[in-house]
1. Would you mention how many residues in region 239-252 are assigned to a helix (DSSP H, G or I) and either touching a Gly at 6+ places or on another chain (Cβ under 8 Å) or within 14 Å of THR279 (Cα to Cα) (or both)?
2. Residues in region 300-357 that are more than 26 Å from LYS34 (Cβ to Cβ), in contact with a Leu (Cβ under 8 Å, 6 or more places away or on another chain), among the small types (Gly, Ala, Ser) and in contact (Cβ under 8 Å) with a residue 40 or more places away in the chain: how many?
3. Could you check region 55-174 for helices (runs of 4 or more DSSP H) lying wholly inside it with 3 or more residues that are of a type in the set (Lys, Arg) and modelled with pLDDT of 90 or more?
4. Looking at the structure I just gave you, is ALA300 buried (at least 22 other Cβ atoms within 10 Å of the Cβ), of a type in the set (Gly, Ala, Ser), on the phi < 0 side of the Ramachandran plot and modelled with pLDDT of 95 or more?
5. Out of region 361-387, which residues are buried (at least 16 other Cβ atoms within 10 Å of the Cβ) and among the β-branched types (Val, Ile, Thr)?
6. Identify the residue in region 390-405 that is surrounded by 12 or more Cβ atoms within 10 Å (Cβ to Cβ) and farther than 18 Å from GLN343 by Cβ and, among all such residues, is modelled with the lowest pLDDT.
7. Say we look at region 244-274 and pick out the residues that are free of Cβ contacts under 8 Å to residues at least 24 places away in the same chain and either of a type in the set (Ser, Thr, Tyr) or touching a strand residue (DSSP E or B) at 6+ places or on another chain (Cβ under 6 Å) (or both); which of these is nearest to LYS306 (Cα to Cα)?
8. Of the conditions (1) under 17 Å from the mean Cα position of the chain (by Cα); (2) modelled with pLDDT under 85, THR238 satisfies every one except a single condition; which number is it?
Amino acid sequence: MHYSLYYENLKNENYADARPDLRWVLDNAPGFPKNDDRNFERAVELYAGLAEQTDDQATQRAYIDTAATILRTAPEKMEAAGLSYDKYKWEIEKGRFLQMHGDMVPSEVEGLKSAPYHYEKAFELAPDRIDPYYINQVIQRYAEANKQNEALEFMNKVQAKRGSDEDVQKILSSAREDIFGKNPQAQIDFLKKQLENNPGDLETQKKLFKALTDQGYIQEASQLAEKLLQAGDLPAETYRSIAQMQLTDGRPTQAFSTYEKAMAAGAELNATDYFNMGTAKRRTGDLPQARRYYRKAISAQSDFGKAYMAIGDVYVSAVSECGGSKMSRKDKAVYWLALDMYQRAKQVDPSLEQQANNNIRTYSQYMPTQEDIFYVDEWEVGQSVRIDYGCYSWINETTTVRDPA
């Protein structure tokens with residue numbers, strides 16, 4: 001009861017009402033319902049949300065301090081409770097939290113350093129998973145501290161691990177140019193000075209937004225983006241940049257809406273844009289629409305393997321939503337569809353082979369048993385079966401019945 005009460009209130013941003021029930025869950029059943037980290041993660045979200053809903057600075061700081069305490073102590077508590085959690089994800093969460101609220105977090109808090117510090121730790125844990133944006137944040141930290149040697153050492157590590165990634169390569173090339181003579185901070189300072197003299201200058205706001213976005217100043221860029229969106233009549237590329245930033249900033253609903261504005265402004269969306277729209281829908285729980293936009297990404301670029309991976313992940317999420325804690329025999333078939341997508345991903349994009357194989361190993365445990373084959377009339381090994389029943393009616397795809405495990 002406590003779980004469902006807090007979850008409904010949290011979804012509706014009724015953080016104050018959600019708090020007592022969530023605290024009860026953390027004290028009495030921290031791993032409910034799937035023995036994972038979701039309750040701790042939502043506790044951070046709750047207190048950050050409470051901070052946003054009050055204008056009193058002292059109260060804001062108290063809530064942010066509580067969120068920071070949960071963030072830094074959760075891994076130890078989860079390990080003690082035997083819960084499953086992703087160390088990489090928690091390093092990213094620490095970084096994002098500090099990026100958004102670092103000015104209200106005391107510098108002496110043990111276990112929390114700086115946003116780029118935690119992004120670098122995340123890179124060390126999973127260099128193949130980390131988004132290029134966070135790599136750029138680490139480089140910028142060194143550049144801003146005038147630590148050119150450290151920046152170059154980190155960039156060499158990135159080159160060795162992610163040099164084949166086009167987006168990462170662009171970041172590295174740009175960063176090297178900055179280190180070897182450019183000073184983007186001077187441009188930002190100049191544009192800020194211009195806005196002080198002429199606050200309503202829309203063109204200067206656009207230039208400053210781009211400069212802030214390029215350099216990863218997400219909090220400042222986010223504040224400026226709201227002004228730009230209110231002004232309207234923006235170039236399509238500016239809408240696109242704002243949408244990408246909103247998605248990175250954890251605001252999927254706003255990101256999707258801004259992508260729609262980009263289309264209305266005449267932007268020709270590419271595979272990455274459609275992929276991001278799919279990700280926005282997935283983060284809001286709209287799995288059918290998420291798949292729709294991932295498919296659009298594939299239509300725009302047939303070898304866009306990440307979209308196939310994402311569709312596989314959508315099917316895995318569908319089982320979690322539909323199957324719940326008790327998996328039926330027919331739930332297993334949805335995992336086979338996910339396996340089909342992971343296989344397809346590495347076929348069209350060999351760079352995804354390791355990630356795809358990891359997922360395939362994880363979900364291959366859901367092969368049918370001899371008993372499953374016996375009791376499900378329409379299952380015959382090697383034959384096609386359509387996933388269009390019950391909660392999965394929207395999937396409406398076929399897969400092949402696997403050999404019994």
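The values are calculated or read from the model by the stated rules, or taken from the named source; none is laboratory data. Values in this document were obtained by computation on a predicted structure and should not be read as measured data. Don't worry about glycine lacking a Cβ; one is built from the backbone with ideal geometry, like all the others, and counts go over all protein chains shown.
1. Final tally of qualifying residues: 7.
2. Counting residues in region 300-357 that are more than 26 Å from LYS34 (Cβ to Cβ), in contact with a Leu (Cβ under 8 Å, 6 or more places away or on another chain), among the small types (Gly, Ala, Ser) and in contact (Cβ under 8 Å) with a residue 40 or more places away in the chain gives 1.
3. In region 55-174, 57-81, 87-101, 148-162 are the helices (runs of 4 or more DSSP H) which contain 3 or more residues that are of a type in the set (Lys, Arg) and modelled with pLDDT of 90 or more.
4. No.
5. ILE373, VAL376, VAL385, ILE387
6. PRO404
7. Across region 244-274, the extreme among qualifying residues is TYR259.
8. (1)
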